[in-house]
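Structure first, then comments.
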Amino acid sequence: PLVTSTDLFKRAYDGKYAIGAFNVNNMEIIQGIVDAAKEAKSPVILQVSAGARKYAKPAYLKKLVEAAIIDTDLPIVLHLDHGEDFDICKQCIDDGFTSVMIDASHHSFEENIEITKRVVDYAHNKGVVVEAELGRLAGIEDDVNVSEKDASYTDPDQAVEFVERTGVDSLAIAIGTSHGAYKFKGDPKLDFARLEKITSLLNGYPLVLHGASTVLPEYVDLCNKYGGNIPGAQGVPEEMLKQAAQYGVCKINIDTDLRLAMTAAIRKSLKEDPGNFDPRKYLGLGRTAIKDMVLHKITNVLGSSCTL
Ligand code: G3H
Ligand code: 13P
Ligand code: ZN
Ligand code: NA
């Protein structure tokens, strides 16, 4: 069934694991993810960005997710990723999403609270849960200095005040991750001391880690080997994701790793089989690559397998 994340996060928090939140844009991506979740006996969050809604059209994604539930019988959360204002959150709530993110993190603290609170009031009235964000995800500076950190990373005391005043159900925090395939110039580094502080102050409260792709070298290398050009890509090491899941992090967002896995498989297929022009062949291999990658994440990194 389509579910909210409330119960999933409670169990993930207590069990010290995390639920994967994977971005979906088309049928093959959805099928690859849910086939892996089914095999691993894991719940899963499918998240849709504004860009995904624009690309696939809202009705298609909704129906594809419904089809995935019919096909797998899994508990699935349908979540809006990075909703930028009240209106898109309202649209998704009205469309039957069970979870929305309002990302007002680029506004002032008071405005972020005000916008988030408005979404929370509307969502809760309809049984939908809300994720918000406090702090800003880093750029790719190899060493963010202390004053930059204090300006952009999540402030632990503000996090407590934010959650109390908004009633939001989960909070995305900034501790050094960033979106995309180029997360660090030097050695990867996350501010675990800050995460520990936030976790202890917000005792029992579910946190969310964005920008959590590992940028698996296996797929980057395949892309580059078969005509791609993705030099210097680097993500969050899987050991760090495991560590984050030991704290309050209950939701780990992954998009870039899906993109890389699918692109690697398709590049390889097109190169190795130049006579083929049946899209089912390369898209099917893209789907399998996504399934393999997600199965690996769920089983070896997130720890959510066999928790249904
Ligand atoms: O946070 C961003 C996600 O990777 C979604 O990306 O907005 O290009 O769909 P997108
Ligand atoms: P990645 O770019 O690291 O996959 O992050 C995805 C994300 O945070 C989606 O909200
Ligand atoms: Zn994100
Ligand atoms: Na956790």
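The values are calculated or read from the model by the stated rules, or taken from the named source; none is laboratory data. Worth saying up front: this structure is predicted, and the values here are computed from it rather than measured. Don't worry about glycine lacking a Cβ; one is built from the backbone with ideal geometry, like all the others, and counts go over all protein chains shown.
Applying the criterion of being outside any loop (DSSP other than H, G, I, E, B) and within 16 Å of ligand 2 (Cβ to nearest atom) to the residues of the stretch 163-176, the residue that is farthest from Arg136 (Cα to Cα) is Ser170. Check whether at least one residue in the stretch 254-272 is outside any strand (DSSP E or B), buried (at least 24 other Cβ atoms within 10 Å of the Cβ) and within 16 Å of ligand 4 (Cβ to nearest atom), and report yes or no. There is no residue in the stretch 254-272 that is outside any strand (DSSP E or B), buried (at least 24 other Cβ atoms within 10 Å of the Cβ) and within 16 Å of ligand 4 (Cβ to nearest atom).
Restricting attention to the stretch 177-196, the residues that are assigned to a loop (DSSP other than H, G, I, E, B) and away from ligand 1 (no atom under 16 Å from the Cβ) total 8. Restricting attention to the stretch 212-243, the residues being assigned to a helix (DSSP H, G or I), buried (at least 24 other Cβ atoms within 10 Å of the Cβ) and aliphatic (A, V, I, L, M) number 1. Checking each residue in the stretch 5-35 for being surrounded by fewer than 23 Cβ atoms within 10 Å (Cβ to Cβ), within 14 Å of ligand 4 (Cβ to nearest atom) and among the β-branched types (Val, Ile, Thr) picks out no residue at all.
Scan the stretch 115-149 for residues that are modelled with pLDDT of 95 or more and assigned to a loop (DSSP other than H, G, I, E, B) and report the count. Break it down stepwise before answering.
Step one: list which residues in the stretch 115-149 are modelled with pLDDT of 95 or more, which gives 115-135.
From what is left, the residues that are assigned to a loop (DSSP other than H, G, I, E, B) are 126-128, 135.
Looking only at that region, the number is 4.
Looking across Lys41, Lys90, Lys54, one residue alone is in contact with a helix residue (DSSP H, G or I) (Cβ under 8 Å, 6 or more places away or on another chain) and surrounded by fewer than 22 Cβ atoms within 10 Å (Cβ to Cβ). It is Lys90. Going through (1) surrounded by fewer than 24 Cβ atoms within 10 Å (Cβ to Cβ); (2) within 16 Å of ligand 2 (Cβ to nearest atom); (3) among the aliphatic types (A, V, I, L, M); (4) in contact (Cβ under 8 Å) with a residue 40 or more places away in the chain one by one, Leu74 falls short only on (2).
Checked against the criterion of being in a loop (DSSP other than H, G, I, E, B) and among the hydroxyl-bearing types (Ser, Thr, Tyr), the stretch 68-81 contains not a single residue that satisfies it.
Tally up the residues in the stretch 222-259 that are within 16 Å of ligand 3 (Cβ to nearest atom) and among the aliphatic types (A, V, I, L, M), please.
Of the residues in the stretch 222-259, the ones within 16 Å of ligand 3 (Cβ to nearest atom) are 235-236, 241, 244, 249-259.
Then keep just the ones that are among the aliphatic types (A, V, I, L, M); that gives 236, 241, 244, 249, 252, 254, 258.
The total comes to 7.
Has the stretch 107-124 got any residue that is touching a strand residue (DSSP E or B) at 6+ places or on another chain (Cβ under 9 Å) and within 16 Å of ligand 2 (Cβ to nearest atom)? There is no residue in the stretch 107-124 that is touching a strand residue (DSSP E or B) at 6+ places or on another chain (Cβ under 9 Å) and within 16 Å of ligand 2 (Cβ to nearest atom). Evaluate the stretch 150-173: report whether one residue or more is within 16 Å of ligand 4 (Cβ to nearest atom), at pLDDT 95 or above, surrounded by fewer than 17 Cβ atoms within 10 Å (Cβ to Cβ) and of a type in the set (A, V, I, L, M, F, W, C). No: zero hits.
A quick yes/no check of all residues on (1) farther than 25 Å from Ala12 by Cα; (2) free of Cβ contacts under 8 Å to residues at least 40 places away in the same chain:
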position: Asp150; (1), (2): yes, yes
position: Asp155; (1), (2): no, yes
position: Glu164; (1), (2): no, yes
position: Ser170; (1), (2): no, no
position: Lys185; (1), (2): yes, no
position: Leu207; (1), (2): no, no
